[in-house]
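As structure tokens, the structure follows; a few thoughts come after it.
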Amino acid sequence: MKIIEPLLPHRPPFLMVESISGYIGGDVPILNAERPIRRSEPVFSGAEPPLHWPSVYIIEGLGQCCSLLHLVWIYERKCVTNALGTENISDLLTNTDAAEDNYYTLERLLEIFGDGTMNTASKIGMLASVEVEVVGRVRAGELLEYKVEQTRVLENLSRFTVQASVETQVVAHGTIVGAQLEKYL
């Protein structure tokens, strides 16, 4: 979560993404992320088994992943513009929780992305359209995996193809359109 919290304004228990497991940049970037669903989640308090993760939380997690992807993609564009190189962005995003002697630390990521650019408090974004179908259930003890792909950007609107799964079973899929009301950079 060390890398997620500086990028999103959400905090537990409403932070629906715990780690980034992969990023592929370029014109059609893809982000993979995860969220283990624990029995100790506040939403399960007082509930009797079977414990199912609420569908709205799955959709919220997909939306948060879309925000993460778009923000990282913007930073990637900034790196390209400033000739900083982009070959290590995926490593930076996926390895910041590793050992202290790891080169890819949160401090290194902040250094590469620049001072103050990751402060999300002043950034305003919103969902413009959500067309997501929930086709399965997620139970306590399972790992929820997200995959979002930014398929189109038109001025302040970004379109994403989204999918959530547990192991190889798809539990939700569809499209999300996000609107950026303030410029990130």
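Checking the condition part of a strand (DSSP E or B), surrounded by 15 or more Cβ atoms within 10 Å (Cβ to Cβ) and either modelled with pLDDT under 85 or of a type in the set (Lys, Arg) (or both), which residue from Arg152, Arg159, Arg108 passes?
From the options Arg152, Arg159, Arg108, the qualifying one is Arg159.
Just one of the numbered conditions (1) crowded, with 17+ Cβ neighbours inside 10 Å; (2) at pLDDT 95 or above; (3) within 17 Å of Leu69 (Cβ to Cβ) is not true of Val130; which one?
Looking at each condition in turn, Val130 falls short on (1).
Got a sec? Which of Glu60, Glu76 is among the charged types (D, E, K, R), over 17 Å from His173 (Cα atoms), in contact (Cβ under 8 Å) with a residue 40 or more places away in the chain and assigned to a helix (DSSP H, G or I)?
Glu76
The values are calculated or read from the model by the stated rules, or taken from the named source; none is laboratory data. The shown structure was predicted, so the numbers you read here are calculated from the model rather than taken from an experiment. Neighbour counts run over all protein chains shown; Cβ positions are idealised from the backbone, glycine included.
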